[in-house]
Every structure is written in structure tokens, then in C-alpha cells.
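Everything below concerns the one structure shown next.
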Amino acid sequence: MEYKDYYHALGVSKTASADEIKKAYRKLVRKYHPDVSKEADADKKTKELNEAYGVLGDAEKRAAYDALGNNGQYRAGQEFRPPPDWGNMGGMGGGRAPGGAGFDSDFFADLFANIGGNRGRGRPMQQRGGDSHAALEIDLADAYHGASRTVSVRLQEEDAHGRTVTRERTLDVNIPQGITAGQQLRLSGQGHPGSGGAPAGDLYLEIRFRHHARYRIEGRDVYQTVPVAPWEAALGAQIDVPTPSGRVTVAVPPKSQGGRKLRLKGRGIPPSRAQAQSGAAGGDLYLMLELVLPPADTERARQLYETMARELDFNPRAGMGA
């Protein structure tokens with residue numbers, strides 16, 4: 001049996017705190033989740049991470065694992081066998097991770113499958129299921145108004161033979177108003193199944209916004225590109241603009257140039273209901289002016305361009321020394 005270095009698998013030191021171990025596990029399991037990872041061995045890597053956290057995420061299992069490791073005597077891949085009295089070292093429960101998933105791992109099974117001690121008198125140890133993580137893409141309008149969506153996510157589950165498998169599950173999700181990218185929605189009881197009759201873990205859906213050609217989102221601030229005609233920018237104009245919060249009329253100041261930024265205070269992503277009750281403000285909407293030239297595709301349009309070229313003393317490259 002080859003020794004497995006669970007600390008190395010999670011990228012943490014042997015002195016890492018429980019919070020550091022949990023944070024490292026969550027970061028890596030999101031990275032290698034089949035929904036988002038492009039790695040060929042994402043499923044295998046996810047199972048390895050679950051197995052490592054199944055030991056290091058449990059204080060008793062971690063203590064026993066550290067005791068067996070003899071302070072770093074063993075290295076990953078090295079031949080390893082637990083001592084003969086290992087089965088009497090304390091009630092550790094069966095060979096499961098906190099995620100409730102069994103592992104096709106001789107190392108894990110040999111370490112924990114036969115350790116029962118006196119706790120439970122042969123009954124399986126109850127252990128809450130581990131949490132699962134997935135990404136959820138939403139439209140910007142969902143953050144402005146809230147929404148209900150039915151989503152399909154691929155989650156790891158345990159089959160009838162105790163093996164870890166990846167299955168697609170359909171869930172109803174309520175998206176609250178004011179949510180921003182990076183926030184997580186918690187779906188209670190939708191994570192990995194528990195062991196010994198214990199409840200399942202939770203599913204955390206990390207919010208991401210679908211790409212949109214005209215919007216750029218930074219926190220609660222939204223940047224929107226707005227096309228304007230040359231005369232609207234040069235002379236000034238009142239223009240109607242559809243925005244995520246509804247249509248607005250905006251004054252374009254005279255002598256505006258492409259790239260000018262107009263700020264609409266409070267028209268970014270709104271605060272959540274709880275934030276609004278505490279007096280928090282929403283983000284701002286910034287309209288980025290984009291000059292769009294009419295095509296010279298008619299005789300009249302060409303004549304107008306020729307007149308401007310002839311009568312306007314204008315060189316757009318003057319600032320370059322041309």
C-alpha cells in the first residue's frame with residue numbers, strides 16, 4: 001500500500017489550521033469541478049481532494065493520520081502499512097470522508113475501514129455530508145430584479161455500491177435581488193450525502209454573470225456602452241437609453257468625444273433587501289459614449305461627407321504631430 005500525503009494534495013502545511021484546510025479544499029474543489037474544469041483528470045482530482053479533506057477535515061481522523069505519519073517519516077508513493085495495533089487506537093468510524101463518499105483507495109480503506117474502537121459498538125459513525133460547490137451563470141437583469149431559475153448541475157454522489165459517481169441533478173434556485181459576482185447561494189441539504197443516517201451537506205453555487213457585449217460589471221457598478229451619432233456628441237442631445245433597470249433619458253453634453261463617461265448614480269446593481277433596510281446604496285451605472293458614423297452608402301451621404309471634408313478644418317491626428 002502506498003502512503004498518501006493528504007497535506008500535499010490540498011497544498012497546505014502540516015501545521016495548517018482547520019480553517020486554512022477548509023479554504024484550500026474549497027478553492028481546489030471549485031477549480032477541478034467537472035462543470036468548470038478543462039483538465040482531463042478533473043474527476044480523479046476531485047475524488048483525491050475529497051479523500052484528503054475527508055481525513056484532514058475531521059479532527060480525530062487528522063490526529064490519527066498524523067500519528068501514523070510519524071512526523072513526516074513517510075512520503076507520497078512510499079510503501080506503507082499501519083501497525084498491528086492500529087485498529088485499537090480509537091473510535092474513528094468507517095472509511096468515509098465528511099462528504100459521505102466512499103473512496104476506491106486502499107490507503108484510505110486500510111487506515112479507517114476497520115477502526116471501530118468501542119464507540120457505537122459496531123454501528124456506523126454518523127457524519128454529516130460534505131459541502132459541494134458549483135458555478136451558476138446568471139443574466140445581469142437577474143441581479144437587478146431577482147429571479148427563479150431551474151438549473152442542472154453535475155454533483156458527486158454515492159451509488160448503491162458505495163462508489164463515488166457524478167450525476168446531473170435538476171434544482172430550483174431563487175436568485176435574490178442585489179446579488180453580485182463571486183457571492184454564493186447556499187442550498188441546504190443538496191451536498192454530499194451523510195453517513196450513518198446523518199444529514200447531507202450543502203451545495204454552494206458561486207454566482208457568475210454571462211458575458212454581454214455592452215456591459216462590464218465591477219462589483220455593483222455597471223459600465224454600459226451607448227452608441228451616439230456624431231452630431232449628438234458634437235451638438236449635445238437628449239437620448240433614450242435602455243438600461244438594466246429600465247429605459248432612461250440622458251443628456252449628452254455638447255462637444256462630447258467617444259469614450260466619455262456619464263454617471264447615473266444609483267442605477268447599478270441594487271443593494272440586497274437586507275442592505276437596503278440598513279440604508280446601503282446600490283452601485284452606479286456608467287454610460288460609455290461610442291461614436292458611430294453613418295455609412296456613406298448613398299449619393300447624399302457621400303456629398304455630406306465631402307462637404308465636411310472640404311469645409312471643416314479638422315485633423316484627428318493633429319495631436320500625434322501629423
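Numbers below:
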quantity: Checking Ile239 against (1) surrounded by 14 or more Cβ atoms within 10 Å (Cβ to Cβ); (2) in a helix (DSSP H, G or I), the condition it does not meet; calculated: (2)
quantity: Matching option when the condition is under 30 Å from Asn50 (Cα atoms) and either of a type in the set (A, V, I, L, M, F, W, C) or within 22 Å of the chain's Cα centre (by Cα) (or both), among Tyr215, Tyr204, Tyr144, Tyr223; calculated: Tyr204
quantity: Lone qualifier among Asp58, Asp85, Asp43, Asp66 - being under 33 Å from the mean Cα position of the chain (by Cα), over 26 Å from Ala18 (Cβ atoms) and either modelled with pLDDT of 60 or more or surrounded by fewer than 19 Cβ atoms within 10 Å (Cβ to Cβ) (or both); calculated: Asp43
quantity: Looking only at segment 264-322, and only at residues there that are among the β-branched types (Val, Ile, Thr) and out of contact with any strand residue (DSSP E or B) (no Cβ under 6 Å at 6 or more places or on another chain), the one that is farthest from Ala251 (Cα to Cα); calculated: Thr298
quantity: Residues of segment 1-24 satisfying the condition of being touching a residue at least 40 places away in the same chain (Cβ under 8 Å), surrounded by fewer than 14 Cβ atoms within 10 Å (Cβ to Cβ) and assigned to a helix (DSSP H, G or I); calculated: His8, Ala18
quantity: Count of residues meeting criterion [out of contact with any Phe, Trp or Tyr (no Cβ under 9 Å at 6 or more places or on another chain) and modelled with pLDDT of 80 or more] in segment 112-141; calculated: 3
quantity: Residue match in segment 25-36 (condition: buried (at least 22 other Cβ atoms within 10 Å of the Cβ) and more than 22 Å from the chain's Cα centre (by Cα)); calculated: no
quantity: Test: residue in segment 252-274 that is on the phi > 0 side of the Ramachandran plot and in contact with a Ser or Thr (Cβ under 8 Å, 6 or more places away or on another chain); calculated: no
quantity: Sole exception among (1) closer than 30 Å to Asn174 by Cα; (2) loosely packed, with under 15 Cβ neighbours inside 10 Å for Pro227, by number; calculated: (1)
quantity: Pair list, Cβ under 6 Å, 6 or more apart: segment 244-272 residue free of Cβ contacts under 8 Å to residues at least 60 places away in the same chain, other residue of a type in the set (Phe, Trp, Tyr); calculated: Lys261/Tyr286; Arg263/Tyr286
quantity: Failed condition for Gly99, given (1) modelled with pLDDT of 70 or more; (2) within 20 Å of the chain's Cα centre (by Cα); calculated: (1)
quantity: Test: residue in segment 226-233 that is farther than 28 Å from Ala141 by Cα, touching a helix residue (DSSP H, G or I) at 6+ places or on another chain (Cβ under 9 Å) and free of Cβ contacts under 8 Å to residues at least 24 places away in the same chain; calculated: no
quantity: Matching residues, segment 1-22, being within 24 Å of the chain's Cα centre (by Cα) and of a type in the set (D, E, K, R); calculated: Asp19, Glu20, Lys22
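The values are calculated or read from the model by the stated rules, or taken from the named source; none is laboratory data. As the structure is a computational prediction, the values presented were derived from the model and not from experiment. When we count neighbours, we look across all protein chains shown, and the Cβ atoms used for this are built from the backbone with ideal geometry, even at glycine.
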